[in-house]
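The values are calculated or read from the model by the stated rules, or taken from the named source; none is laboratory data. The structure displayed is predicted, hence computed values, not measured ones. Counting neighbours? That spans all protein chains shown, and the Cβs are built from the backbone with ideal geometry, glycine included. To get the accessible areas, we keep the full protein, side chains included, count just its heavy atoms, and leave off ligands, DNA and RNA. Shrake-Rupley method; radii C 1.70, N 1.55, O 1.52, S 1.80 Å.
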Amino acid sequence: MAEIQLLSEVDADYTKLHDLLVKKNWLRADAETTKLILTISGKNQRDYESLTIEDIEKFPCTDLCTIDLLWQYYSDTKFGFSIQNRLWKIICQERRAKASFSTFSELGAGYLKWWLPEEGWLTNNQITLDLQEIPDGHFPRWGLLMLPLTLEVVWKPGLEGLKALNSRVRIYTEGLLSVNAALCTQYKDCEILVLKSFFSRLGMCEIEHKTLKTIVDLEYNQNNQDSINYTVALENEELESIGEHLDTEGDFTPKSREEARERVSRSIAQRRGQPKFRKDLLEAYGYCCAITGCDAEEALEAAHIIPYCETEDNTIYNGLLLRADIHTLFDLNLIAIAPGNHYPDDRENLIVYVAPTLRHTSYGKLHNNQMKHLPKNQSDLPDKDALISRCKQCGWFI
């Protein structure tokens, strides 16, 4: 699963909401969303735990997008404010309607199933929680509340918002008045400004566009990571196959101590590189690893940027002096060196990148750092085109 950045303009902690949504615990996540919205808005019981038009207009876009992203991503784009906003626009366009209670009723009853005709406003926590059976956009839930005395309509998050609306509707629907008619007597043209403000805020924050873009990026990164893991697995499988072949041929079981010593020496010599090539690199790089700065000569090896078999090129600019383990990772395309636009004029504009699969290990500290040591002579600096070519061979490098 890709990692989501829990961004907030007010340092809100989305960890609990994230964890509840990962577990598909929709009801508790709905309650946590309510708590977060009220906390961010600075609301409490004295405010009837609800938001006015001014509160909605001030609600941080970043936090609104984070809440929507979490709901959408972990419900496979089934829940979230973006879904509700899309359904709201469909209703308003089809009916050319204003933000009235009747339009809200169509959204809640017809699409979100917040209102069951035979039961009134849905207030039952035991609703069936099979993801396939819950209507699109059902969560997060919210409702409207009529304040006592002033009769101002405010926006109230969570299941309590639906309960509050149900309570006020029952008071106003005594006798022969319908729900819609009762509310229309209080508001000109039946328009509910806080409802209009809520959906306007979603549009102003570009919540649909931003959430969709983030989800696409997350899925791309996840697919890319899966591809990297698959490639690494294939390379490991190939190395294991070669190892098994060498084992069959007896390469790992020398017949004498002398033969063992000879094989180890041959292996080290092969990894160190051709003697002249290695000597030239040692002198050019001041006997230090280009990436780590290691100055133990015995551990340093001559690495080709573009393999010798492809170019027959043993010039210094096609080489790197690397510590033995770094050389191995470089050959496995798990370490890349990316030149900046101004390289080689800006000789320090070389950045080391480590594959995502290694960033949680001790090698992670090398990621996104400059090279430690480079040749003093400009003509000996690593070739820019060769480095770019190697970067392109790293499936994880973007």
(request) Can you confirm whether region 352-364 contains a residue that is touching a residue at least 40 places away in the same chain (Cβ under 8 Å), crowded, with 18+ Cβ neighbours inside 10 Å and assigned to a loop (DSSP other than H, G, I, E, B)? (result) yes
(request) Filter region 99-119 down to the residues that are outside any helix (DSSP H, G or I) and surrounded by 15 or more Cβ atoms within 10 Å (Cβ to Cβ), then identify the one that is modelled with the lowest pLDDT. (result) Trp115
(message) Go through (1) open to solvent by 20 Å² or more (accessible area, probe 1.4 Å); (2) without any contact (Cβ under 8 Å) to a residue 60 or more places away in the chain for Gly286 and report which single condition fails.
(response) (2)
(message) For a quick check of your reading of the model, give me the residue pairs whose first member lies in region 131-144 and is within 27 Å of Leu193 (Cβ to Cβ), whose second is among the polar types (S, T, N, Q), with beta-carbon atoms closer than 7 Å and at least 6 apart or on different chains.
(response) Gly137/Gln84; Pro140/Thr33
(message) Considering only residues that are hydrophobic (A, V, I, L, M, F, W, C), assigned to a helix (DSSP H, G or I) and out of contact with any Cys (no Cβ under 8 Å at 6 or more places or on another chain), which ones fall in region 300-351?
(response) Cys309, Ile316, Ala324, Leu329, Phe330
(message) Criterion first (open to solvent by less than 60 Å² (accessible area, probe 1.4 Å) and assigned to a helix (DSSP H, G or I)) does Cys294 satisfy it?
(response) no
